[in-house]
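Colleague: Starting off with a structure, shown below.
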Amino acid sequence: MYNTHSFVNRAHALFLTLLFTPLLTAELSAQELSIPCDELEEKVLAESEKDKVTRITGFTPAKPLERVSPKYPSQAVMRGREGWVKLSYVIDEEGRVKDPVIDDFFGHKAFKRSALSAVKKWKFEPAIKDGQPTQQCHQSVQMDFAIANQTGASRKFIKAYKDVDALFQAGDIDAADKALSELKEWDTLNRYENTWLLNMDWQIARSLENVEREARSLTRVLASNGSKSNGNMVFDEDYVAYALQRKTMLDSQRGLYADALSSFDSLSKMESQQARISQIAPLVERIKSVIESEQNLTVPVTIGKQGSWFHTLVRNQFAFNNVEGELDTVEVRCDTHREKFTVAENHIWRIPPSWGQCRVMVEGDSTTTFDLIEVAQS
């Protein structure tokens with residue numbers, strides 16, 4: 001298997017020798033998907049073979065008319081603070097953005113308010129299905145906040161980071177974790193420094209065998225790292241490939257099979273990474289076998305401090321069990337439909353195959369725990 005420590009040492013050397021210049025102001029890394037929110041016509045489905053048809057619709061996706069860039073918070077600019085915000089949203093029948101949700105963010109807290117404020121002002125020519133305006137779901141965007149002519153890393157940060165790394169290399173993981181937490185509180189961190197901090201968080205989480213934290217850190221490293229197409233990557237493509245390979249394994253271990261398949265899909269598009277793709281391919285085949293099996297799939301959940309939890313389903317039946325605490329609502333956003341419900345324990349939600357792949361958003365108290373069960377067909 002892959003030698004993680006060689007990557008850590010190599011990355012540490014790069015950190016001490018390279019400086020990067022970030023991009024200008026706030027940017028949008030949009031990932032628009034052409035998917036309607038209304039149910040497919042029963043007549044068309046009835047006349048089609050289920051194993052050959054997943055989406056049949058006369059659908060024209062929404063077209064952007066106006067995109068307001070997020071305002072860079074003045075307090076963040078003054079401190080040189082950089083970061084990003086990931087959002088998902090729906091475009092309604094009038095071309096307006098509805099129900100934007102922050103999936104994750106890193107950096108100044110004001111970035112969240114700025115991103116939400118901007119996306120709510122976006123306007124689209126609405127999606128059209130069968131000649132009529134319709135909603136369009138599964139829209140997502142990452143808004144990057146970066147300052148022109150920002151240097152890679154300050155001397156103060158390099159010294160503090162080296163102190164954390166020294167503790168980690170010496171095996172004093174708890175002390176390293178504490179020092180890292182203090183460093184994360186700095187309000188002057190730029191994108192380059194963010195990426196290194198998240199990478200250290202990944203290494204510490206792995207040493208602590210904290211799977212949830214490691215997976216979250218990996219996701220954030222990938223979000224902060226930049227892209228090859230923009231020429232602003234902090235870590236090189238080989239490092240990114242290892243991160244995707246590792247994340248596929250962690251998501252599989254946690255029962256988040258849709259996320260695992262998504263990570264593998266990103267890895268499989270990297271032509272130079274055939275060795276890694278071959279290494280992880282057997283696991284991906286096992287994941288697909290489990291999804292198709294007759295066993296129920298259980299995902300243990302704690303809502304968390306944001307008050308919401310997201311999960312992409314791999315089946316069209318799910319239920320809640322062992323609820324401890326307060327759950328408010330569950331919203332199901334599918335490729336071609338959207339519904340919102342109150343939560344009922346031991347009730348099975350059955351999603352018509354015509355709705356496509358679905359994402360569940362559960363809201364409740366931060367300490368609430370429950371099991372989400374993806375129910376087998378039988």
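The values are calculated or read from the model by the stated rules, or taken from the named source; none is laboratory data. Worth saying up front: this structure is predicted, and the values here are computed from it rather than measured. Cβ atoms come from the backbone with ideal geometry, glycine included; neighbour counts cover every protein chain shown.
Colleague: Quick test for you: out of V85, V68, pick the one residue that is among the hydrophobic types (A, V, I, L, M, F, W, C), assigned to a loop (DSSP other than H, G, I, E, B), modelled with pLDDT of 85 or more and within 30 Å of T188 (Cβ to Cβ).
Modeller: After ruling out the rest, the residue left standing is V68.
Colleague: Does D104 satisfy being touching a Gly at 6+ places or on another chain (Cβ under 6 Å) and in the same structural domain as P64 (by TED's automatic domain parsing)?
Modeller: Answer is no for this residue.
Colleague: Still on this structure, I have one more. Tell me which strands (runs of 3 or more DSSP E) are completely within segment 279-378 and hold 2 or more residues being touching a residue at least 24 places away in the same chain (Cβ under 8 Å) and touching a Pro at 6+ places or on another chain (Cβ under 9 Å), or say none if there are none.
Modeller: 369-374
Colleague: When you scan segment 151-172, do you find a residue that is surrounded by fewer than 17 Cβ atoms within 10 Å (Cβ to Cβ), of a type in the set (S, T, Y) and under 30 Å from S88 (Cα atoms), even just one?
Modeller: no
Colleague: Something else: Taking interchain pairs and intrachain pairs at least six residues apart, which have beta carbon atoms under 7 angstrom, with the first residue in segment 114-131 and more than 13 Å from K71 (Cα to Cα) and buried (at least 16 other Cβ atoms within 10 Å of the Cβ) and the second of a type in the set (V, I, T) and at pLDDT below 85?
Modeller: As it stands, the answer is A127/T60; A127/T134; I128/T60; I128/T134; K129/T57, since those pairs meet every condition given.
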